[in-house]
Every structure is written in C-alpha cells, then in structure tokens.
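Undergrad: Here it is, the structure in full.
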Amino acid sequence: MFKHILSKLPKKSSKSSKNQEVHGAFTPVIDNSISSKSSDIGSKKLGNPINTSLATLYSASNIGQNQVDKLSVGASSKLNGTSVATYEALPSFRDVPGSQKENLFIRKLKMCCVVFDFSDATKNLKEKEIKRQTLLELVDYITTVNGKFVETVMEEAIKMVSANIFRSFTTQPCENKVLGAYDLEEEEPLMDPAWPHLQIVYEFLLRFVASPETDAKSAKKYIDHFFVLNLLDLFDSEDPREREYLKTILHRVYGKFMVHRPFIRKSMNNIFYTFIFETEKHNGIAELLDILGSIINGFALPLKEEHKLFLVRALIPLHEPRCLAMYYQQLSYCISQFVEKDCKLSDGVIRGLLKYWPVTNSSKEVMFLSELEEVLEATQLPEFQRCGGGSELLHGARMYVDQFGEDEVIILIETVVVTQGRFGDGIVGAVKLVAERALFLWNNDHIYNLIQQNRDVILPIIFPALERNARGHWNQTVHSSTLNVRKIFFDLDPELFKECMLKFQEDEIKEEEVKARREATWRQLEGIAWKKAVTNEAVLLPL
C-alpha cells in the first residue's frame with residue numbers, strides 16, 4: 001500500500017536539470033572550468049588573441065544574468081545554432097527615477113551582449129533594431145551622466161564591448177596576402193555587415209574612455225593588457241571605418257592610461273616585426289604609424305635608448321616590404337619626427353635608406369627620394385658631413401652605382417646625390433620620374449647649402465653621371481636639369497670642376513684602352529679557334 005501511495009507522488013527534478021531549463025533558452029551548457037573563469041574576465045592578464053569562443057563565453061555569462069532581470073525569453077529563435085533571447089525593449093532612461101538609472105544602465109549593457117548574425121540580413125530584424133536603439137541610448141547616457149562610474153558599471157561596460165568587437169576575421173587565401181596590398185585603388189575593402197551595430201559599440205567605447213567620469217586608476221583593472229592586446233589585433237580588420245575608430249580609441253587609451261604605455265609600444269613593435277619579417281600582410285600598419293607619429297611627437301629629450309632602438313629595428317626596416325605605398329606617408333612622418341627630435345639620428349636614417357634602396361622599383365625610388373629630402377631638411381652640417389658629406393658613405397654610393405651598371409643615371413642627394421634608373425624597355429617612363437625627382441632636390445635651399453659646403457667630396461663622385469647625362473640624355477627635362485646642376489658646380493668652384501673633368505677624361509681614355517685590349521683578346525681567341533676547327537661546328541674553348 002505504501003509503495004502504491006509513493007508511486008503517485010510527483011518526482012522532484014534535480015537542480016542541474018532545472019538550471020539547464022532556465023539557461024537553455026540562451027546558450028548551450030558550458031563546461032564548469034570555463035564558466036568559473038567568466039566572473040573574473042575583467043581582471044584577466046595576457047593571453048592569446050580573443051576568438052569567437054571567448055565572445056560566446058561573454059554572451060553566455062551575461063545573458064544568463066538576464067533571467068534574473070526578467071527579460072522576456074523565447075526558445076524558438078536561433079542565433080548561430082545557439083538559442084538566444086528574443087528582446088523586449090527595456091524602459092527608457094527618461095522613464096525611470098534617477099536612483100534606478102544606474103541599475104537600468106547595467107541591464108541594458110547585459111542585454112547588448114547578445115551578438116546577432118549579420119550574414120543573413122533577414123534574420124532577427126526586430127531584435128537587431130531593439131539592440132541598435134538600446135546601444136544608442138547607452139551612448140547618450142554615458143555622454144550625459146554625472147558622477148564617477150562605479151567598478152560594477154565599468155566591468156559590465158567592458159564585457160559588453162568585448163562581446164561585440166572581439167571576434168576572428170575571415171582569412172583570405174595565402175596567394176592574396178601580399179599581392180592584394182598593391183591594388184589600392186582597384187580593390188575595394190571588405191565592409192563588415194555588422195557595422196550598424198559595431199559603429200555604435202565603438203562610439204560607446206570611445207566616449208567611455210574619454211569620459212571624465214571614467215577613473216583611470218579603477219578602469220585599468222578592466223581595460224588591462226589583455227583588453228589592449230586584443231584591441232591591437234583588431235587593427236588587421238579590412239574595414240577602414242573600423243580601423244579609423246580603433247586608431248582614435250587606442251590613442252585615447254595611450255593618453256589616459258599611462259601605466260599601459262610601455263606595453264602598447266612593445267605590442268606595436270611585435271606587430272611590425274611580424275609584418276616585416278614574416279607575413280608582409282597587415283591592414284592596419286598605416287593607422288598604427290599614425291598613432292606612433294603622435295607618440296613620437298611627445299617624446300621627451302634626450303631620447304631614451306628604447307626609442308632609438310625602435311627607430312633602427314622597426315621603423316627603418318619598414319621601408320623594405322613591397323607594399324610601402326600603403327603606409328609611406330605615415331612612416332615618413334615618424335622618421336622625420338625622430339630626426340627633428342635629435343638631428344644626430346639622421347646619419348643612421350640615411351644609411352638605413354641606402355640599405356633598403358629599391359633599385360628595381362621606380363615608384364618606391366621616388367618615395368625614397370621624397371623622404372630623403374625631408375630628412376635632409378632636418379639635418380645639420382656636422383651630421384651631413386658624417387654621412388652624406390663624408391667620403392666613406394659616398395664611396396659606398398659609388399660602389400652602388402658601379403654594381404648596377406653604367407647605363408643608369410644615379411642621383412641621390414646626401415649619400416648618393418645623383419641616382420640612376422636603368423634604361424630598359426617598359427620602364428623608360430618610370431626612370432624619367434626618378435631622375436626628375438632626384439634633380440628636383442637641387443631646388444631645396446637647405447640641401448643646396450649642404451652640398452655647397454661639401455662640394456669637394458660630392459662632385460668627384462657624381463661628376464661622371466652628370467657628364468654622361470649632359471652629353472645626351474634621351475629626356476629633354478632630365479637633360480636640362482642636369483645642365484643646370486652642372487653649371488651650379490662650375491660656378492661654385494671652377495678649379496674643382498676642371499679637375500673632375502680632367503679625371504673623367506683620363507678615366508675615359510683608360511676605359512677605351514681596356515675595351516680595345518678586350519676586343520683584341522677576343523679576336524685573337526677567335527683566330528685560334530678558327531685554325532684549330534676541323535668543322536664548321538662551334539668549339540668550346542677551355543679557360
């Protein structure tokens with residue numbers, strides 16, 4: 001009888017199954033080891049770049065809290081294979097008393113942690129619009145709020161931002177990683193379909209960081225190294241709108257959180273090293289250099305050894321990648337900022353430009369010449385004499401000229417003063433641009449004064465190139481410019497000019513003698529081969 005009575009009593013469900021029912025409408029079951037870490041995510045230290053699983057963890061932990069906040073839940077809607085909440089808009093900040101606004105703000109932050117799938121424009125239209133309106137309310141609130149943010153608010157704000165912006169990017173095929181960087185005008189950037197929400201989240205983060213109500217000492221526990229590192233990873237986004245927001249936000253973080261400054265600089269260095277020596281593919285180099293330009297401008301004098309090493313190990317090697325055009329303006333500005341801070345650095349910069357001089361790339365040569373002019377404008381006479389005016393570097397430039405042939409016109413100012421371009425089919429027009437740009441440097445008064453005071457070293461090295469151009473260059477503009485430069489040297493020092501002319505003529509006679517002996521030797525070898533040949537077939541002569 002007792003068994004019969006007990007069998008009719010309702011069975012009590014276990015706590016685990018009950019919890020699964022409550023949270024099942026939002027997210028799959030999460031492993032205990034992972035969920036235990038979600039509570040202290042704001043104080044997390046350095047780790048691997050954030051990925052989709054971490055974004056899912058954020059949304060899972062926060063949306064689970066929404067059950068307590070009595071958000072309406074519907075298990076029928078799906079997002080990325082995971083069941084999610086169907087939104088009901090929360091009350092406006094205007095409709096609640098001031099004492100409840102902070103609590104409502106936190107509830108809205110948690111509500112916005114849901115990440116929707118924007119690959120299908122027809123899915124979750126109502127929920128997406130509710131989230132967009134909620135994000136706009138959050139931006140408005142954070143702009144008008146009075147009073148310092150408490151730590152709970154800061155923690156939830158960073159969780160919401162992290163859940164939305166930290167994500168993995170779709171990688172392109174390997175063959176497109178380098179070549180894709182060159183079609184700057186023809187190739188359209190990839191626009192993120194989630195930008196209508198991302199833009200508001202970035203605006204929220206920007207205003208949160210810039211807000212005077214955000215205390216840096218308290219916020220550094222949540223905007224920590226882990227957050228900064230993943231923010232830097234986002235610079236590889238192909239969407240230029242996102243990179244522009246990231247540039248502004250990181251600059252504000254650098255200015256407000258002084259404790260993070262060394263780490264930010266070091267992390268930037270690592271991105272540059274990976275780009276230069278491994279991948280040669282990164283979409284955000286220009287934006288990172290933009291930030292560095294402002295950072296370098298604020299360096300105190302004398303410059304620290306750390307900053308000088310950064311110039312030598314990162315900035316100067318950035319001239320080597322083939323996609324220099326993507327970030328040339330920003331790189332040139334950073335280099336010129338260093339030279340203006342300490343003119344003694346110009347020697348190393350000039351030697352670095354020579355090391356990476358693009359002999360076979362005419363468009364990069366024009367860029368190098370433009371940057372060379374900027375560096376020279378900030379170079380003083382002692383530094384110029386150590387590099388451009390010194391015989392050691394100029395003789396190295398002459399070896400550079402000899403290495404790439406006598407049919408080229410070389411005009412490098414400062415170290416090589418006159419650079420050359422190879423006369424070949426298909427690049428004649430480009431060579432003309434290089435020669436014109438190099439000769440145009442003579443119109444710069446500061447460079448002209450530097451050359452004038454070091455003419456006894458410079459003229460003997462560049463005279464052969466000038467004389468060959470003057471005798472008959474195929475381009476009239478280059479020919480006229482060469483004659484003008486030639487006349488400048490003649491007016492400055494006629495005696496030195498005559499000495500260089502005599503030396504050039506003597507060298508020409510020697511070259512003719514060498515050429516005549518070479519031709520005589522070949523004729524002799526041909527005669528010997530003809531006598532020994534028994535047939536008309538070609539004979540291979542032993543050396």
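The values are calculated or read from the model by the stated rules, or taken from the named source; none is laboratory data. On a predicted model such as this, the values are computed, not experimentally measured, just so you know. Cβ sites come from the backbone with ideal geometry, for glycine too, and all protein chains shown count toward neighbours. These area figures cover heavy atoms from the full protein model, side chains too; ligands, DNA and RNA do not enter into them. Shrake-Rupley method; radii C 1.70, N 1.55, O 1.52, S 1.80 Å.
Undergrad: What is the one condition in (1) touching a residue at least 40 places away in the same chain (Cβ under 8 Å); (2) more than 15 Å from the chain's Cα centre (by Cα) that Met326 does not satisfy?
TA: Looking at each condition in turn, Met326 falls short on (2).
Undergrad: Looking at (1) modelled with pLDDT of 75 or more; (2) open to solvent by less than 60 Å² (accessible area, probe 1.4 Å); (3) not charged (D, E, K, R), find the lone condition where Asn443 falls short.
TA: Answer for Asn443: the failing condition is (2).
Undergrad: What are the pairs with Cβ atoms under 7 angstrom where one residue, in region 454-467, is touching a residue at least 60 places away in the same chain (Cβ under 8 Å) and the other, located anywhere, is basic (Lys, Arg) and surrounded by fewer than 21 Cβ atoms within 10 Å (Cβ to Cβ)? Sequence gap at least six, or different chains.
TA: Close Cβ pairs (under 7 Å, with a partner that is basic (Lys, Arg) and surrounded by fewer than 21 Cβ atoms within 10 Å (Cβ to Cβ)) amount to Ile461/Arg398.
Undergrad: Next up: Kindly indicate whether any position in region 120-134 is in contact (Cβ under 8 Å) with a residue 60 or more places away in the chain, in a helix (DSSP H, G or I), surrounded by fewer than 20 Cβ atoms within 10 Å (Cβ to Cβ) and of a type in the set (D, E, K, R).
TA: So far as region 120-134 goes, yes, one or more of its residues are in contact (Cβ under 8 Å) with a residue 60 or more places away in the chain, in a helix (DSSP H, G or I), surrounded by fewer than 20 Cβ atoms within 10 Å (Cβ to Cβ) and of a type in the set (D, E, K, R).
Undergrad: For region 169-178, indicate whether the set of residues that are farther than 22 Å from Glu278 by Cβ and either open to solvent by 80 Å² or more (accessible area, probe 1.4 Å) or at pLDDT below 90 (or both) is non-empty.
TA: So far as region 169-178 goes, no, none of its residues is farther than 22 Å from Glu278 by Cβ and either open to solvent by 80 Å² or more (accessible area, probe 1.4 Å) or at pLDDT below 90 (or both).
Undergrad: If you go through region 458-507 one residue at a time, how many are aromatic (Phe, Trp, Tyr), open to solvent by less than 50 Å² (accessible area, probe 1.4 Å) and closer than 19 Å to Tyr448 by Cβ?
TA: The number of residues fulfilling the criteria is 3.
Undergrad: Could you check, for region 261-268, whether at least one of its residues is more than 17 Å from the chain's Cα centre (by Cα), closer than 25 Å to Ile316 by Cβ and of a type in the set (D, E, K, R)?
TA: Yes - at least one qualifying residue is present in region 261-268.
For (1) of a type in the set (Ser, Thr, Tyr); (2) open to solvent by 60 Å² or more (accessible area, probe 1.4 Å); (3) under 26 Å from Val228 (Cβ atoms); (4) at pLDDT 90 or above, each residue gets a yes or a no:
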| site | (1), (2), (3), (4) |
| --- | --- |
| Ser76 | yes, yes, no, no |
| Thr86 | yes, no, no, no |
| Lys110 | no, no, yes, yes |
| Asp140 | no, yes, no, yes |
| Glu156 | no, no, yes, yes |
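Undergrad: Please indicate, with yes or no, whether at least one residue in region 85-107 is assigned to a helix (DSSP H, G or I), within 21 Å of Pro196 (Cβ to Cβ) and among the hydrophobic types (A, V, I, L, M, F, W, C).
TA: no
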